[in-house]
Amino acid sequence: MISRDSLLPRLTRREALALSALGILGAQNRPARAQPHGQLVWGVHISLAPAWFDPGETSGLITPFLLMYAMHDAVMKPIPGEPVGLSLAESLAVSPDGLNYDFVLRANAKFHNGDPVTAEDVKFTFERYRGNARPLLREKVAEVLALDARRVRFRLHAPWPDFLTYYASVTGAAWVVPKAYIERVGEEAYRKAPIGAGPYRFVSFTPGVELVMEAFDDYWRRQPTVKKFVFKVIPDETTRLAALRRGEIDFAYSVRGELAEEIQRTPNLTLRPVVISSPFWLAFPDQWDPKSPWHDQRVRQAANLALDRVGISQALTLGHSPITNSIIPSNFDFFWQPPRAEYDPRRAKALLAEAGFRSGFDAGEYFCDSSYANLGEAILNNLTEVGIRARMRPIERAAFLTGYADKKYRNIVQTGSGAFGNAATRLESWIVKGGPYVYGSYPDLDAMFAEQARENDRAKRTGLLHRMQQILHERSIVAPIWQLAFLNAEGPRIADSALGRIGGHPYAAPYEEVRLKGGA
């Protein structure tokens, strides 16, 4: 188990005194305001990866934000009511030429060790960021200047309409980490016991078991009301629900199908469905190989027609997952609504026959995140009915995402992304050349993407992004499944889980808004 105590011998006297004053080394009575109290246990559906503790490692997917909204804070970030809003920054001024973005930081923003959040920390965080969008941000941003302790300027090479989307939404580049502390203890020690500026501070982590955090009393926005948060890893849905019913956990992420129906019938438990910015789709990474069946557009069309999306949504999410027929979330800027998805197994078989697969074919392995293996089973049943035979290969999420980015998968990959952003950021990650999860691309789409990135006329840019989505549909480059409705369960002790506060976000946030019944 990793705990904060493992770093205490390395703290300076000044930091030890600051931590003590903050209640990190020893609780202090503060009669001027009520202290956080009580404990909540969140049952999470995936194993927690230490890389998700560090904003500098964010991969362009939503999962790390499950923890980042608790331990860290950002210059700007998605907040309730705004896709990107001010947080550690109290103001932003953009120069008329669109080249300079000047932020002024809040005077009362602190890290968990008591140090103030400064412009140097913002600059250091941006330069340290090594996630998937690092090359793009480095290409677009000419320099970051710490003008004084609270003022920081980002200067661009040229106007870039998506700067704030990438900086403060898609990536972890705006989520500030403490420069002086990291430089003193080193990167390895920081990853084991991170310090952030969020409403909760790291206490301990037991891999595969749990992550424990405690309230940071001096969080600038407001003091959290719940003293301790425990994220308990329970990958099996049935086990999560059983733990909730026994009162071992207070909240369970991702409970689907018959188990969700059981929650609706159980007194004192509440089903909380939230439609999130997370479409799922089938990717066909071999479609650029002329020898692969997936190279034939008719085969990809057949796979699309084979999917009983409405039936799967009803079976697994009680019909809460809308069928948008797109990989772009319907709530994203620049979304284009494709025609309604069709379910036509007979036509699917005919297309396979036309493509030379009258008896179907062996499609090899079907790769998926193990936490959505039940969706994969339903999809495989549909594909088998029309003659596309594949074998399930479920992989734990962290390893699945690593393998995806390392281009290790073939045949069929069940894909989903709940990352913040807009249509352009989603296409950049999954469709156009150079994207972190792109196995191959089409030159005309690559050219249109580059053109829209330079376009400052919103109407023209909208037209380009809509045309790209139209081509994605016409060529059956992917097979969209649904826009996920995340079904969760709350126990009787929760007054407010903060679920659904941030539009499209799958997880509870802001954590400082979470409340227990009885005032905590």
| task | Mind telling me which of the residues 173, 109, 180 ends up being crowded, with 21+ Cβ neighbours inside 10 Å, in the same structural domain as residue 205 (by TED's automatic domain parsing), farther than 30 Å from residue 433 by Cα and among the small types (Gly, Ala, Ser)? | result | 109
| note | For region 217-249, the count of residues that are within 29 Å of residue 377 (Cα to Cα) and in contact (Cβ under 8 Å) with a residue 40 or more places away in the chain equals 11
| request: Collect the residues in region 129-150 that are farther than 27 Å from residue 456 by Cα and surrounded by fewer than 18 Cβ atoms within 10 Å (Cβ to Cβ), keeping them in residue-number order. | output: 130, 146, 147, 148, 149
| message | Suppose the filter is basic (Lys, Arg), buried (at least 23 other Cβ atoms within 10 Å of the Cβ) and in the same structural domain as residue 172 (by TED's automatic domain parsing); does residue 222 pass it? | response | no
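Which ones in region 76-107 are under 20 Å from residue 504 (Cα atoms) and either in a strand (DSSP E or B) or at pLDDT 95 or above (or both)? First the steps, then the outcome.
From region 76-107, those under 20 Å from residue 504 (Cα atoms) are 76-87; that's our starting set.
76, 77, 78, 79, 80, 82, 83, 84, 85, 86, 87 - these are the residues of region 76-107 that are under 20 Å from residue 504 (Cα atoms) and either in a strand (DSSP E or B) or at pLDDT 95 or above (or both).
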| request: Could you look through region 365-403, keep only residues that are touching a strand residue (DSSP E or B) at 6+ places or on another chain (Cβ under 6 Å) and among the small types (Gly, Ala, Ser), and pick out the one that is surrounded by the fewest Cβ atoms within 10 Å (Cβ to Cβ)? | output: 373
| Meets criteria (among the hydrophobic types (A, V, I, L, M, F, W, C) and either in a helix (DSSP H, G or I) or in contact (Cβ under 8 Å) with a residue 60 or more places away in the chain (or both)) for residue 495 | no
| said: Looking at region 50-73, can you tell me whether even one residue there is within 15 Å of the chain's Cα centre (by Cα) and in a strand (DSSP E or B)? | reply: no
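Which of the residues that make up region 238-261 are touching a helix residue (DSSP H, G or I) at 6+ places or on another chain (Cβ under 7 Å), part of a helix (DSSP H, G or I) and not hydrophobic (A, V, I, L, M, F, W, C)? So that I can check it myself, show each step before the final result.
Residues of region 238-261 touching a helix residue (DSSP H, G or I) at 6+ places or on another chain (Cβ under 7 Å): 238, 241, 249, 252, 254-257, 259.
Adding the requirement that they be part of a helix (DSSP H, G or I) leaves 238, 241, 257, 259.
Those that are touching a helix residue (DSSP H, G or I) at 6+ places or on another chain (Cβ under 7 Å), part of a helix (DSSP H, G or I) and not hydrophobic (A, V, I, L, M, F, W, C): 238, 257.
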| message | Considering only region 68-83, I want to know if a residue exists there that is more than 21 Å from residue 276 (Cα to Cα), acidic (Asp, Glu) and touching a residue at least 60 places away in the same chain (Cβ under 8 Å). | response | yes
| query | Can you name the condition, by its number, that residue 298 falls short on among (1) over 27 Å from the mean Cα position of the chain (by Cα); (2) more than 19 Å from residue 349 (Cα to Cα); (3) part of a helix (DSSP H, G or I); (4) not acidic (Asp, Glu)? | reply | (2)
| query | Taking residue 201 and the conditions (1) under 23 Å from the mean Cα position of the chain (by Cα); (2) more than 23 Å from residue 107 (Cβ to Cβ), which numbered condition does it fall short on, given that it satisfies the others? | reply | (2)
| Options 352, 316: the member that is farther than 24 Å from residue 489 by Cα and part of a helix (DSSP H, G or I) | 352
| said: Condition check: within 17 Å of the chain's Cα centre (by Cα) and either surrounded by fewer than 20 Cβ atoms within 10 Å (Cβ to Cβ) or free of Cβ contacts under 8 Å to residues at least 60 places away in the same chain (or both). Does residue 359 satisfy that? | reply: no
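The values are calculated or read from the model by the stated rules, or taken from the named source; none is laboratory data. All values derive from a computational prediction rather than experimental measurement. Virtual Cβ from ideal backbone geometry, glycine too; neighbours counted across all protein chains shown.
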